[in-house]
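This report concerns only the one structure given below.
The values are calculated or read from the model by the stated rules, or taken from the named source; none is laboratory data. Quick caveat: nothing in here was measured; it's all calculated off a predicted structure. Note: ideal-geometry Cβ built from the backbone for every residue, glycine included; neighbour counts use all protein chains shown.
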């Protein structure tokens with residue numbers, strides 16, 4: 001998967017899509033944590049969607065958007081697609097975003113049934129791991 005390099009179990013900073021967008025990936029207790037910061041544009045959002053769709057096949061995923069400058073309809077759609085892919089594969093996707101940004105994104109993207117939102121990254125990791133454990 002392009003754009004991510006692992007070093008001693010921790011992600012190393014990498015540019016993803018455009019110079020204004022940065023993606024960091026790590027793992028905690030079997031959960032993938034994807035931190036997106038900067039500004040996602042039309043080119044990077046499609047790459048991010050493809051990346052998330054691949055990652056949810058491997059286990060539960062938390063996407064932390066608290067470092068983004070703004071959320072728009074294309075980002076909401078990317079999360080929706082990745083959430084659907086996770087559900088189809090029996091996995092779970094949680095999104096971390098400030099409450100006002102999460103509300104705005106949900107209204108832009110309509111009802112996103114397969115994605116649950118949290119204010120806090122640690123809370124999201126705990127919740128997604130509990131959901132994953134409930135699968136069996």
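For the range 45-64, give me the residue count where each residue is in contact with a strand residue (DSSP E or B) (Cβ under 7 Å, 6 or more places away or on another chain), in a helix (DSSP H, G or I) and surrounded by fewer than 22 Cβ atoms within 10 Å (Cβ to Cβ).
Qualifying residue count for the region: 1.
Filter the range 81-100 down to residues that are modelled with pLDDT under 85 and buried (at least 17 other Cβ atoms within 10 Å of the Cβ), then give me how many there are.
In the first step, residues of the range 81-100 are kept if they are modelled with pLDDT under 85; the result is 97-100.
Checking the rest, the ones that are also buried (at least 17 other Cβ atoms within 10 Å of the Cβ) come to 97.
Within the range 81-100, residues that are modelled with pLDDT under 85 and buried (at least 17 other Cβ atoms within 10 Å of the Cβ) number 1.
With respect to residue 76, determine if the residue is farther than 18 Å from residue 20 by Cβ, at pLDDT below 85 and part of a helix (DSSP H, G or I).
Details: farther than 18 Å from residue 20 by Cβ: yes; at pLDDT below 85: yes; part of a helix (DSSP H, G or I): yes.
Considered against the rule, which asks whether it is farther than 18 Å from residue 20 by Cβ, at pLDDT below 85 and part of a helix (DSSP H, G or I), residue 76 comes out as yes.
List the pairs whose first member sits in the range 50-67 and is at positive phi, whose second member is modelled with pLDDT of 90 or more, and whose Cβ atoms are under 8 Å apart, counting only residues at least 6 apart or on separate chains?
59/31; 59/32; 59/91
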